[in-house]
Amino acid sequence: MKFFKNHKTQIIIWGLVSLILIGLVIAFIYISVNYKITTVYVDGNSHYSDEEIRDIVMDGAFGDNSFFLSLKYKDKSIEDIPFIAKMDVAVVDPNTIRIKVYEKAIAGCVEYLDNYMYFDKDGVVIESSDHKGTGIPIVTGLEFDHIILREPLPIDNNEVFGAILNITQLTEKYELSVDKIHFSKDGSVFLYFKNVRVNLGQPSDMDEKIMRLPKILPSLEYRKGILRMENYTEDTQNVSFEPDDDESEAIG
């Protein structure tokens, strides 16, 4: 009793501390068990798979716990990820999170010094990578002697970038997978689909020409040659196919 009287204050403090620590341990165990993430929804991604996005967001200690993730990303977006402007993380319920991906608007890429340089609609180089991203066409025929990240591609005709963006938007709209966009010295535009090269002519009135491609390309799946659409108009609809080893043939 004498010990208790002499150390009453200390005993009470240690008792309170012990209770707080026990409470924290219980709370930690409860949160660890009941806030474990089992479902992840990912929206807006094309350059990365859902699994890759999930790994980026849930990286680190307690990355699979929605409570700790809500603290980590509260009022904060994930940035500095290649090809991504930002990612927002929202906790739907204790076991579910939703990741919203906002990708950078990439018009195309060019090869330079064994790297792929990705540029936006204004021709500004926004990313550099040693591997080719899916769904992004390689652009050839542009002349430049240097490339600087975060600066426009140094070419003479900046109208090319508008044409590239228009082509990529149209090919996405009509679900066409373009391997390459080539600009010839006379300004003609060529689209490459595996073994078929499509001559679209000058970069104007592309809508009608590209809109027609989904109806034509399936019939040329196993062919090799050039599809001539440079003289195509809504009125004439002049289209022909020149096999690499044969004479040309008209396509109705």
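The values are calculated or read from the model by the stated rules, or taken from the named source; none is laboratory data. Computed from a predicted model, the values in this text were never measured in an experiment. Note that each Cβ is placed from the backbone with ideal geometry, even for glycine, and that neighbours are counted across all protein chains shown. Heads up: the accessible areas ignore ligands, DNA and RNA and are worked out on the full protein's heavy atoms, side chains in. Shrake-Rupley method; radii C 1.70, N 1.55, O 1.52, S 1.80 Å.
Looking at this model, which pairs from Lys36/Lys74; Lys76/Lys104; Lys104/Lys180; Lys100/Lys194; Lys74/Lys132 are more than 22 angstrom apart at the alpha-carbon? From the list (Lys36/Lys74; Lys76/Lys104; Lys104/Lys180; Lys100/Lys194; Lys74/Lys132), the Cα-Cα distance tops 22 Å for Lys100/Lys194; Lys74/Lys132. Note on the range 125-202: semi-axes of the ellipsoid equivalent to its C-alpha gyration tensor, largest first and rounded to whole Å, are 21, 16, 12. Each of Ile53, Ile216, Gly123 was placed along the dipole of the chain (beta-carbon charges, centred on the mean Cα), and the one lying farthest toward the positive end is Ile53.
In this rough spin-label picture, where each label sits 7 Å from Cα along the Cβ direction, the Phe68-Ser204 distance is 6.2 nm. Rounded to the nearest 20 debye, the dipole size of the range 65-200 about its Cα centre is 540 debye, using +1 on the Cβ of Lys and Arg and -1 on the Cβ of Asp and Glu. Helix 206-216 and the longest principal axis of the C-alpha atoms of the chain enclose an angle of approximately 90°.
Share of carbon and sulfur in the accessible area of the range 186-251 stands at 41%, probe radius 1.4 Å. For the range 1-135, the carbon plus sulfur part of the accessible surface works out to 59%, probe radius 1.4 Å. Counting only protein heavy atoms and a 1.4 Å probe, the chain has 62 square angstrom of accessible area per residue. Bridges between two residues of the chain, per DSSP, are antiparallel at a rate of about 75%.
Only the Cβ atoms of Lys and Arg (+1) and of Asp and Glu (-1) were treated as charged; on that basis the dipole of the chain about its Cα centre amounts to roughly 2360 debye. Between the Cα long axis of helix 159-173 and the first principal axis of the chain there is an angle of about 70°, rounded to the nearest 10.
Straight Cα distances below 20 angstrom link Lys209 to the aspartates and glutamates Glu159, Glu172, Glu175, Asp179, Asp186, Glu221, Glu230, Glu234, Asp235, Glu242, Glu249, with same-chain residues fewer than 8 positions distant left out. Helix 8-34 against the longest principal axis of the chain: what's the angle in degrees, Cα atoms only, rounded to the nearest 10? Long axis of 8-34 versus the principal axis of the chain: about 30 degrees.
Explain nothing, just the number: dipole magnitude of the range 142-252 about its Cα centre with +1 on each Lys and Arg Cβ and -1 on each Asp and Glu Cβ, in debye rounded to the nearest 20.
Using Cβ point charges on Lys, Arg, Asp and Glu, the range 142-252 gives about 340 debye.
Within a straight-line Cα-Cα reach of under 16 Å, Lys215 can be paired with the following lysines, leaving aside sequence neighbours fewer than 8 residues apart in one chain: Lys173. Think of it as helices only: each DSSP H run of n ≥ 4 in the chain is worth -39500 (n - 2.57), and spread over all residues that comes to -9000 deg cm²/dmol at 222 nm.
What is the antiparallel percent of DSSP beta bridges lying wholly in the range 153-232, to the nearest 5? Around 70 percent of the beta bridges assigned by DSSP in the range 153-232 are antiparallel ones. Selection among Ala85, Gln10, Leu24 by position relative to the dipole of the range 1-100 gives Gln10 as farthest towards the positive end (Cβ unit charges, Cα centre).
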